[in-house]
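To keep things clear, I will list the structure first and then write my remarks on it.
The values are calculated or read from the model by the stated rules, or taken from the named source; none is laboratory data. Please read all numbers here as calculations on a predicted model, not as lab measurements. Reconstructed Cβ throughout: ideal geometry from the backbone, glycine too, with neighbour counts over all protein chains shown. Just the protein is used for accessible areas: all its heavy atoms, side chains included, with ligands, DNA and RNA removed. Shrake-Rupley method; radii C 1.70, N 1.55, O 1.52, S 1.80 Å.
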Amino acid sequence: MVIGAGVVGLSMAWLLQSQGHRVILVDPTGSGPQPPQAGSSAALGLLMARIYRRSSGRGWRLRQRSLELWTSWRQQLEAAGHRLPWRPGLLQLAADADAFAAQTRLAAERARRGLTLQPLAAEALAALAPSLPAGAVGGLFSPDDGQLDPLPAMAALRADALQRGLELVADRATAIERQAGADRWRLALAGGGWLQTPWLVLSAGLGCPALLDPVGHHRPQLPVLGQALELQLPAGTPDPCQWPGSISWGGVNLVPRPGGRLWLGATLEPPAGEPPVVEASAAELASLRDLGGSAPEWLRQATVLRQWQGLRARPQGAPAPLLEELEPGLLLASGHYRNGVLLAPATAEWVAERIAAGSDRSGISGPP
């Protein structure tokens with residue numbers, strides 16, 4: 001049983017269902033999309049794996065594995081008739097000479113691993129159209145990273161899992177408890193009734209602490225605001241789809257869209273010691289639109305078609321994401337923060353491996 005139907009929860013449900021498990025997915029949205037304020041709804045779907053600045057540790061391993069899995073998952077889902085829009089390529093811009101030198105060193109390190117990253121000097125950036133922020137002195141291009149459109153990806157995972165027998169419970173989980181004298185967990189639902197399961201996987205983001213605290217597992221997570229704009233570029237502007245990929249500049253991501261459109265997205269990190277930001281101010285949205293003062297003229301003249309935002313769960317006092325087997329049969333897979341779309345497959349694989357290692361536990365029972 002999986003609680004939470006964001007991109008991570010859907011990935012786990014899809015993988016487990018495809019492995020032959022009986023899976024129940026519990027989320028108030030049921031078979032519909034996530035609400036606008038949910039973290040997955042504000043994701044732009046950038047997959048930053050090869051270009052990740054670290055070269056070892058859990059974060060590096062999860063990113064590389066997820067990038068491999070997304071490739072095979074896309075092939076499987078598209079073979080089943082579910083299209084996942086994918087734009088290869090990611091260009092990370094450098095704002096000064098020191099940053100560009102660090103990118104050049106990273107490209108050399110990746111080359112020793114047999115991975116391709118290409119440093120681009122300012123002259124190469126100047127040849128791109130539409131023009132990039134004038135402050136960029138260079139950049140690092142990753143042909144293997146890219147952008148996966150998150151909403152169609154979630155719809156594909158949901159639809160294919162349903163075809164495989166996934167069961168959806170459109171309700172909100174209010175409490176969990178270990179069933180006395182049995183190797184099972186009980187889940188209370190807001191609409192009344194209980195579900196029982198040998199394996200309970202929590203992937204409900206900011207909803208996880210309220211379920212875990214009463215059973216003795218304190219795993220606090222704070223809301224972090226992700227915000228995004230969709231822009232229509234002025235007539236006559238070159239199509240940004242001609243860029244080698246999506247662009248990352250000073251914490252803002254620029255994602256080309258069909259029809260001369262562009263997504264802008266960023267994460268609002270509150271200063272240390274200040275309360276979380278749960279809604280973007282007009283000034284913050286204006287700064288996003290203006291790329292912090294470095295937007296080229298064509299971007300300043302673009303028309304805002306829509307804006308949206310979502311709250312992401314960031315672990316407090318622990319690295320993201322939280323991947324733990326808290327007790328036999330109770331798994332936590334949450335707090336992916338900025339990287340839910342990227343890390344969803346590796347997270348699903350981690351959960352599947354834990355369940356496979358303890359597969360002698362008894363089955364799910366219900367109904368609610």
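Surface exposure of the stretch 52-134, expressed per residue as accessible area with a 1.4 Å probe, stands at 54 Å².
Under the criterion of Cα pairs below 8 Å and six or more residues apart, the relative contact order for the chain equals 26 percent. Considering only Leu120, Pro238, Gly207, and ranking their Cα positions along the charge dipole of the stretch 101-240 that arises from unit charges at the beta-carbon of Lys, Arg, Asp and Glu, the one farthest toward the positive end is Gly207. Count Lys and Arg as plus one, Asp and Glu as minus one, and take only other residues whose Cβ is under 12 Å from that of Glu349; the net charge is then +1. Mean residue ellipticity at 222 nm, helices only, the chain: -9000 deg cm²/dmol; runs of at least 4 DSSP H residues each add -39,500 (n - 2.57), and the sum is divided by the number of residues. Rolling a 1.4 Å probe over the protein heavy atoms of the stretch 257-297, with every protein chain left in place, gives an accessible area that is 58 percent carbon and sulfur. Computed over neighbours whose Cβ is under 13 Å from that of Pro296, the net charge equals 0, Lys and Arg +1, Asp and Glu -1.
Quick check on the stretch 43-171: take the gyration tensor over C-alpha atoms, sort the square-rooted eigenvalues as a ≥ b ≥ c, and tell me if it's rounded (a/c under 1.5), prolate or oblate. Since a/c reaches 1.5 and a/b is larger than b/c, the shape of the stretch 43-171 is classed as prolate. The distance linking the stretch 141-201 with the stretch 276-310 is 34 Å (Cα centroid to Cα centroid, whole angstrom).
For the chain, the longest principal axis of the alpha carbon atoms and the long axis of helix 57-79 meet at an angle near 80°. Considering only Thr174, Asn339, Leu132, and ranking their Cα positions along the charge dipole of the chain that arises from unit charges at the beta-carbon of Lys, Arg, Asp and Glu, the one farthest toward the positive end is Asn339. The heavy atoms of Arg172 offer some 130 square angstrom of accessible surface to a 1.4 angstrom probe. Electrostatic tally near Arg50: other residues with Cβ closer than 10 Å to its Cβ, Lys and Arg +1, Asp and Glu -1, net +1. The angle separating the long axis of helix 7-18 from the principal Cα axis of greatest extent in the chain is about 50 degrees. Relative contact order of the stretch 142-235, taken over Cα pairs closer than 8 Å and 6 or more residues apart, is 15 percent.
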